[in-house]
Amino acid sequence: MRPEALTLEVLATPIGEIDVVADARGRLRVLEFHDQPQRLERALRLHHRGQPVEAGVAPVAVRDGLTAYFAGDLAALRTVPWTIGGTAFQQQVWTALTEIPLGATTSYARLAEQVGRPAAVRAVGAANGANPIAIVVPCHRVIGTGGALTGYGGGVERKRWLLAHEGGRAL
């Protein structure tokens, strides 16, 4: 039996093109910046090994949610259907990311406390960096303890833009 095919569409946004990968059920599976092809390849290899990826059109709910978000309807991210693989710990961190309120930020240390692993700041940082669904699973809302805009797979300038777009403020 052939594995389910995933659909890939490249969408234009104010911060560059994004690769949107969805499954046949209309759920977002990977969202990465188009100029970071190694991140897309890694996410597909780790979470969707053996699944063919075909050029196509993103599901309406995914496309509309992302379009509305970039147009200023920030709450539209919550309408985007998605599913994600990963380890149990990664899933715990990624779920915690979705609980960071719009317009707010948190630190890696605070996120580690939130998932019940206060000593695992580096592991939380690694899970945050391995998030295959940028923007929708808002890893850009995690900053350094001192408020520094530390690493972001799409680049710190994009992180800065996303936080400004959301009216970002430190927790």
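Quick note: the coordinates plus some simple rules give every number you see, no bench work behind them. Note that the coordinates shown come from a computational prediction; the quantities given were computed from them, not determined experimentally. Because the Cβ atoms are built from the backbone with ideal geometry, glycine has one as well, and the counts that use them run over all protein chains shown.
Let's see if you can work this out: charge +1 on each Lys and Arg Cβ, -1 on each Asp and Glu Cβ, no other charges. What is the dipole magnitude of the chain about its Cα centre, in debye to the nearest 20?
Here the size comes out at about 500 debye.
What share of all Cα pairs of the range 58-165, in percent, falls into each consecutive 10 Å distance bin?
15, 48, 32, 6, 0
If you take the charge dipole of the range 88-170 about its Cα centre, with +1 on Lys and Arg Cβ and -1 on Asp and Glu Cβ, which of 145, 89, 111 is farthest toward its positive end?
145
Provide the percentage of antiparallel DSSP beta bridges, counting only those with both residues in the range 6-79; round to the nearest 5.
Counting only bridges with both partners in the range 6-79, antiparallel ones make up about 75 percent.
Would you mind computing, in nm to one decimal, how far apart the modelled labels at residue 92 and residue 123 are, each placed 7 Å from Cα along Cα→Cβ?
Label-label distance for residue 92 and residue 123, simple model: 0.7 nm.
Any chance you could check the Cα centroid distance between the range 97-171 and the range 31-83 for me, in angstrom?
After rounding, the separation between the Cα centres reads 18 Å.
Could you give each residue of the range 52-64 its phi-based ³J(HN,Hα) in whole Hz, using Karplus coefficients 6.51, -1.76, 1.60 with θ = phi - 60°, and x for Gly or Pro?
Per residue, the Karplus-derived 3J(HN,Hα) values read x, 10, 10, 4, x, 10, 5, x, 4, 4, 5, 4, 5 Hz.
Mind grabbing the base-10 log of I(q)/I(0) for the range 1-94 at q = 0.17, 0.24 Å⁻¹? Debye formula, identical points on the C-alpha positions, no solvent, two decimal places.
With one equal scatterer per Cα and no solvent, log10 I(q)/I(0) is -0.76, -1.37.
Which GluC sites (Glu not before Pro) does the range 30-136 hold that lie in a coil by DSSP with at most 15 other beta carbons within 10 Å?
For GluC sites (Glu not before Pro) across the range 30-136 that sit outside H, G, I, E and B with at most 15 neighbouring Cβ atoms in 10 Å, the list reads 99.
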